[in-house]
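Structure first, commentary second.
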Amino acid sequence: MANERYIQVILPLKLEWEPFYRLPDGMEVEVGSRVRVIFANAFYTACVSRVDVTPQMDPSRIMPVEAVEEALAPISAREIDFWRALAAYYLCSLGEVYKVACPSIYNRKSRLKLPDTGLPEAPELKPEEEAAVSALRTQTKTVLLNGTLTRNILLQRARETLEEGKSVLLLVPETGHEEEIPGAMLYNSQMTAGKKKAVAEKLRTGQPCMVVGTRSALFLPFQNLGLVIVDREHDPAYKQDAPAPRYNARESAIMLAGIHGAQVILSSPTPSLESLYNARCGRFASVESGNSPSAIPIEIIDIGAEYRKRGMAGAFSLKLLSLMKTTLEEGRQVLLLAPKRIYEQGRRVEDNVLEYFPTARVANLDLGPADDEYDIYIASTAATRGFSCRNLGMVALVSWDGMLSRQDFRADERAFQLLEQFRAMCPHLVIQTREPSHPVFRLVASGQSPVEHMLEERRVAAYPPYTRMVKVQVKDVLENRLLKMTRELSAALGEAGIRAEGPFAPGHDLPLREIHILLPRDKTLVEKKAALGKTVAAFEQSRKYTGHIVIDVDPV
């Protein structure tokens, strides 16, 4: 027994420990090797996390490794370090990260051979773009690239990094909006398993490559990563809601780059308040990339006032209908926007459009993309991602009050970002609203930015970015048990010295409750987050209540 060798492994399960296994005589493994083991009477492919360890348990109870999975590529130490960083930050188990990072598609080699990658074409840089690139070259901190003239700047930095023999990861918010860059490999959830595996195998060769992908691309096996770009870093689509790890690709990209010693560029024409705060605090460097969205005219129509003078016709005010008519007569196109709920209540917006403009060519972008040969486009805000139109004369927000939810402290920030996005698309923006005096509308219409107003509101309320938020969500089909357990969990958090607000009932009919926790951004943050995770885990175990509680760090 004295010569027995033991290892620890990561299993694709929600475990708070890394199980021990015994190596049979003659079997050799190293950290990152993939091995076949039995756990709870089932076979799993595990990742070796430690070798030649002294087990903290009775050796007679330790099972042997069944086999080494020679056909599977080993996991690098950097990948495992990244998994550990995610698990610690997002208060989940290492096994949950492993399950997401190495899905079953990686369990066999790909037969596909990807074409050789190359350098993106060298862009022609304007003087202001050249200045921004020069500033980026000297930065060692995470950089916030703020402005609209970013494409050429980012391509130039990517090209320079590839010329240095290092790889580049360009993250985009959602599938379907990746830019096809010659020489770059795409990676997203809609790709076939074979293509995903082929990208991973290409990266394992160590050849400098550029990958354009969504948040799951963070888990690719980069060997020599030199640059990570997060395009439109403010986009909430970067947040993974389920399953665990419930990570934000923006924060995770910074972790990944830190492990590789790579540069990070966060790019946005309307940066998140978190990134602006970090730049002001000195955690991020800030580089301006050109003009902010153009200060085009904004017209605000008070829906309440229009109703009082009988100036509404269905979803539209008579003012808006007149503006649409003028725009169409000028040979220009119109984009009409509304929250999703507008399509679910009463008459549909397109019904109103066809009533007043029966000869117009109308396209509903929520039903799929459309070319630029239509007169009027109708869409929810989500359907406008990637939309462009050669002759757009006006964007009209048919009803925007749903974006100003009192239950979401980020609502004002998102409304502002969307307004700036639409304002950059055309020469005329019209907003129909019941809250014409809302600070976001008032400031934007007057040509001012509401950023300072929003930051001050957050500071006074002690909300992010001045604190860190953690949302603890409890789900249960039995309402009485749900209420009882949520109250007891809130009390347990208080006893552990963690200030908890709630429980609250979210604004929908699902059987769940939420507890909100605001943690100060100081040297106690890591300690308090760890205490939170331990308290919830102990509560689940003592109450035999596993499977009901979800911890969401930095919810959106």
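What follows draws every value from the coordinates through simple rules; no lab data is involved. All values derive from a computational prediction rather than experimental measurement. So basically every Cβ, Gly included, is an ideal-geometry build from the backbone, and we count neighbours across all protein chains shown.
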Working out 0.36 nm times the residue gap between Gln448 and Arg310, then minus their Cα-Cα distance, what length gain in nm do you get to one decimal? 46.5 nm
Take the eigenvalues of the Cα gyration tensor for the chain, scale each by 5, and report the square roots as semi-axes in whole Å, largest first. 45, 30, 22
Peptides 350-356, 50-56 ordered by average Cβ neighbours within 10 Å, highest first: 350-356, 50-56
Rounded to whole Å, sorted largest first: equivalent-ellipsoid semi-axes of the stretch 467-553, Cα gyration tensor: 22, 15, 10
Give the whole-number value, in cubic angstrom per residue, of the convex hull volume spanned by the C-alpha atoms of the stretch 215-325. 200
Expressed in nm², what is the orientationally averaged projection area of the convex hull enclosing the Cα positions of the stretch 306-401? 6.1
In Å and whole numbers, how far do the C-alpha atoms of the stretch 376-471 stretch along each principal axis, longest first? 44, 29, 22
Built amide H within the under 5 Å cut-off of Val430, gap 5+: Glu299, Val395, Ala396, Leu397
Could you pull out the trypsin sites (Lys or Arg not before Pro) across the stretch 442-535 that fall in loop regions by DSSP (anything but H, G, I, E, B) with no more than 16 other Cβ atoms inside 10 Å? Arg499, Arg521, Lys523
Between Arg204 and Asp371, what FRET efficiency comes out of the Förster formula 1/(1 + (r/R0)^6) with R0 = 51 Å and r the beta carbon distance, rounded to 0.05? 0.80
Could you point to the residue in Leu483, Val349, Gln333 farthest towards the positive end of the chain's charge dipole, with +1 and -1 charges on the Cβ of Lys/Arg and Asp/Glu respectively? Leu483
Convex hull per residue volume in Å³, alpha carbons only, for the stretch 344-397: 94
D (µm²/s, integer) via Stokes-Einstein for the stretch 127-288, Kirkwood Rh across alpha-carbon pairs, 25 °C, 0.890 mPa s: value 155
Any idea what % of Cα-Cα pairs in the stretch 5-107 are farther than 20 Å? 33
As a check on your grasp of the helix formula, calculate [θ] at 222 nm for the chain: sum -39500 (n - 2.57) over DSSP H runs of n ≥ 4, divide by the residue count, round to the nearest 500. -9500 deg cm²/dmol
